[in-house]
Amino acid sequence: MKVYLDGKFVDSAEAKVSVFDHGLLYGDGVFEGIRLYDGNIFRLEEHLERLENSAKAIMLQMPLSRAELSWATCETCRQNGLRDAYIRLVITRGVGDLGLAPWLCPKPSIFIIAGKISLYPQEYYDNGLGIVTVPTRRIGPAALPSTVKSLNYLNNILGKIEAKQFGALEAIMLNDQGYVAECTADNIFVVHKGELLTPAASQGALKGITRSTIIDIAQATGIPLREVDLTRYDIWCADECFLTGSGAEVIPVVKLDGRVIGTGKPGPITQRVLADFRARVKLEGTRI
Ligand code: PMP
């Protein structure tokens, strides 16, 4: 496998960053998880825009222009002869000293890995996931905006560990006020009386690219959609529920905290949205 690393394509065994990189020492950096579908990168421009905004928020100087980033991302897929892949684009603060000071890191590091996709097993797309609410709360936007896709994922990792302890593959994380923020690596939607509801980013959610695709699908197909404050009760008592993410795509949820959601099977709106999403990934995208 060839990895793009600071302007060069190197073998994966040679793709190394320094132990003094602040991405490693402090989680100081930003990243994107992107999908390549049949030779098309899905919503690449949106991913690069979010990456630029994440970098701006943490005052990290982007090492490449939008056009250069776009080329490097496509070229990483080409170099590996890929048609379908999961792409990880990472920008770290770069090498510094042992203190926090980012201004002592003169040069950000950038790497792009394009590899195999690890989706949830197919049975969960057919029958739905059972998930849980975990005790670890989502870091509030006042501490770290959830809209910044930073290398600091420890909060989500704690949630993921707790999910596993409860025997679930994914978990809902609440914010400090007890409202639903999102899942450890996915956004969440529910269907309530024919309407799609999802938490606003201000509740502690990442503005997912898949989430924004679902918003577009809802608009195009006339399904009403609102950003609202959701409690666990709203999900237990919803008609349908699904999660969205570049890795997960659209995955139905049929149980939360031991409560069966709706009929206990993926519902009609979820199936419609999933079908529309799968159709869109074939049509939209940047040809590599
Ligand atoms: N929330 C979190 C915390 C995430 O890490 C992700 C990405 N896996 C998402 C939501 C979904 O975002 P996207 O649709 O852009 O992949």
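The values are calculated or read from the model by the stated rules, or taken from the named source; none is laboratory data. The structure presented is a predicted model; accordingly, all values stated were derived computationally and were not measured. Cβ atoms come from the backbone with ideal geometry, glycine included; neighbour counts cover every protein chain shown. Protein only, heavy atoms only, side chains kept; ligands, DNA and RNA dropped before computing areas. Shrake-Rupley method; radii C 1.70, N 1.55, O 1.52, S 1.80 Å.
What to note about this one:
- Residues in region 174-198 that are farther than 27 Å from residue 37 by Cβ and either open to solvent by less than 20 Å² (accessible area, probe 1.4 Å) or within 13 Å of the ligand (Cβ to nearest atom) (or both): 5 in all.
- Residue match in region 269-281 (condition: touching a Lys or Arg at 6+ places or on another chain (Cβ under 9 Å), of a type in the set (A, V, I, L, M, F, W, C), more than 14 Å from the ligand (Cβ to nearest atom) and at negative phi): no
- The residue list 223, 214 contains one member that is farther than 17 Å from residue 146 by Cβ and either open to solvent by 50 Å² or more (accessible area, probe 1.4 Å) or near the ligand (Cβ under 10 Å from one of its atoms) (or both), which is 214.
- Tally, over region 156-168, of residues that are buried (at least 18 other Cβ atoms within 10 Å of the Cβ) and of a type outside the set (Asp, Glu): 5
- Where helices (runs of 4 or more DSSP H) sit wholly within region 65-174, those with at least 2 residues that are outside the structural domain of residue 6 (by TED's automatic domain parsing) occupy 122-127, 154-165.
- Close pairs (6 angstrom Cβ cut-off, 6 or more residues apart or separate chains): within 22 Å of residue 216 (Cβ to Cβ) in region 229-254, assigned to a loop (DSSP other than H, G, I, E, B) and aliphatic (A, V, I, L, M) anywhere: 238/261; 241/261; 245/185
- Within the option set 235, 209, being within 18 Å of the chain's Cα centre (by Cα) and at pLDDT 95 or above holds for one residue only, 209.
Condition check ((1) buried (at least 19 other Cβ atoms within 10 Å of the Cβ); (2) β-branched (Val, Ile, Thr); (3) in contact with a helix residue (DSSP H, G or I) (Cβ under 9 Å, 6 or more places away or on another chain)) across all residues:
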position: 121; (1), (2), (3): no, no, no
position: 124; (1), (2), (3): yes, no, no
position: 138; (1), (2), (3): yes, no, yes
position: 142; (1), (2), (3): no, no, no
position: 150; (1), (2), (3): yes, no, yes
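- Filtered residue count, region 12-38, keeping only those that are within 18 Å of residue 113 (Cβ to Cβ), out of contact with any helix residue (DSSP H, G or I) (no Cβ under 7 Å at 6 or more places or on another chain) and away from the ligand (no atom under 16 Å from the Cβ): 9
- Region 249-288: number of residues that are crowded, with 22+ Cβ neighbours inside 10 Å and aliphatic (A, V, I, L, M): 7
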